[in-house]
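The values are calculated or read from the model by the stated rules, or taken from the named source; none is laboratory data. None of these values were measured; they are calculated from a predicted model. Glycine also receives a Cβ, built like all others from the backbone with ideal geometry; neighbour counts cover every protein chain displayed. Side chains are part of the model used for accessible areas, which takes the heavy atoms of the whole protein and leaves out ligands, DNA and RNA. Shrake-Rupley method; radii C 1.70, N 1.55, O 1.52, S 1.80 Å.
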Amino acid sequence: MPKMDGVEATRRLKSDARTRQIPIHHRVRSRDAGSRRCRARAGAEGYCMKPCSPETLEREIERVLAWGSAPRPD
């Protein structure tokens, strides 16, 4: 992304009441634990490594959407 990375975009979306409920899934190049923690802290619901097969991406999207529809504690 030209002006910001995915983590910053996620932070901004999750900090806005109008967009915080949108599930966010990252496609990433790095598998390191620091990157995973950073994405999780920003609020991303999931990620998969690039390149990923269409089947893997579909499974991840289904998982994120199923998680997002589960009742959340108050």
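Just give me the residues in the stretch 7-42 being buried (at least 17 other Cβ atoms within 10 Å of the Cβ) and either small (Gly, Ala, Ser) or over 22 Å from Arg63 (Cα atoms) (or both), in sequence order.
Ala42
Please specify each residue of the stretch 22-67 satisfying the condition of being β-branched (Val, Ile, Thr), touching an Asp or Glu at 6+ places or on another chain (Cβ under 8 Å) and part of a helix (DSSP H, G or I).
Across the stretch 22-67, the qualifying residue is only Val64.
Cβ contacts < 8 Å: first residue in contact (Cβ under 8 Å) with a residue 40 or more places away in the chain, restricted to the stretch 3-23; second residue open to solvent by 60 Å² or more (accessible area, probe 1.4 Å), any location; separation 6+ or different chain. Result?
Every condition considered, the pairs that remain are Pro23/Leu65; Pro23/Trp67.
Within the stretch 43-66, which residues are open to solvent by 80 Å² or more (accessible area, probe 1.4 Å) and within 13 Å of the chain's Cα centre (by Cα)?
Once the filter is applied, which keeps residues that are open to solvent by 80 Å² or more (accessible area, probe 1.4 Å) and within 13 Å of the chain's Cα centre (by Cα), the stretch 43-66 yields Glu62, Arg63, Leu65.
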